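**Student:** The structure follows.
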Amino acid sequence: MPTLVVPAGRTVRLRLTSRDVVHSLWVPGLRYKTDAFPHLVNTLTLTLDRAGRWRGRCAEFCGRRHHTMDFWIEAVPPRAYDRWAHGGTAAA
């Protein structure tokens, strides 16, 4: 399952789009839900104030493989994120 790693305590802006149909990025534990549309960029701005890991999924029935569209959002301490982003050790 893919993981989106973000720095805890920093504002992150995600740009969402789709190659095929409407998808919906939904993270129930964070109360975030934003749609991704073909040929359109939608923006989600988030700040996770603490380290942690939250499961997300596509909340829009998008086809036969819809059930495989789960993912994780993981917030890590800023120093760990910076090391990971600059090719150092893993963020977790």
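**Student:** So Gly29 fits all but one of (1) outside any helix (DSSP H, G or I); (2) out of contact with any helix residue (DSSP H, G or I) (no Cβ under 6 Å at 6 or more places or on another chain); what number is the exception?
**Tutor:** (1)
**Student:** Something else about it: Specify the residue that is nearest to Trp54 (Cα to Cα); the eligible residues are those in segment 10-36 that are of a type outside the set (Val, Ile, Thr) and in contact with an Asp or Glu (Cβ under 6 Å, 6 or more places away or on another chain).
**Tutor:** Per the stated criteria, the residue is Ser24.
Condition check ((1) part of a loop (DSSP other than H, G, I, E, B); (2) of a type outside the set (Gly, Ala, Ser)) across all residues:
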residue: Leu4; (1), (2): no, yes
residue: Arg13; (1), (2): no, yes
residue: Asp20; (1), (2): yes, yes
residue: Leu44; (1), (2): no, yes
residue: Gly56; (1), (2): no, no
residue: Phe61; (1), (2): yes, yes
residue: Ile73; (1), (2): no, yes
residue: Tyr81; (1), (2): no, yes
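Results for (1) touching a Cys at 6+ places or on another chain (Cβ under 6 Å); (2) touching a residue at least 24 places away in the same chain (Cβ under 8 Å); (3) aliphatic (A, V, I, L, M), shown as yes or no for each residue.
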site	(1), (2), (3)
Met1	no, yes, yes
Leu14	no, yes, yes
Leu25	no, yes, yes
Ala36	no, no, yes
Asn42	no, yes, no
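**Student:** So is Pro7 at pLDDT 95 or above and closer than 28 Å to Ala80 by Cα or not?
**Tutor:** yes
**Student:** Can you name every residue in segment 2-39 that is surrounded by fewer than 11 Cβ atoms within 10 Å (Cβ to Cβ), over 12 Å from the mean Cα position of the chain (by Cα) and under 17 Å from Phe71 (Cα atoms)?
**Tutor:** Scanning segment 2-39 gives a single hit, Arg31.
**Student:** Mind counting the residues in segment 40-69 that are surrounded by 16 or more Cβ atoms within 10 Å (Cβ to Cβ) and small (Gly, Ala, Ser)?
**Tutor:** Of the residues in that region, 3 qualify.
**Student:** Let me ask something additional. Of these, Trp84, Trp72, which one is surrounded by 13 or more Cβ atoms within 10 Å (Cβ to Cβ), modelled with pLDDT under 90 and touching a strand residue (DSSP E or B) at 6+ places or on another chain (Cβ under 8 Å)?
**Tutor:** Trp84
The values are calculated or read from the model by the stated rules, or taken from the named source; none is laboratory data. This is a predicted model, so every value here is computed, not measured. Quick reminder, even Gly has a Cβ in these numbers, built from the backbone with ideal geometry, and neighbours come from all protein chains shown.
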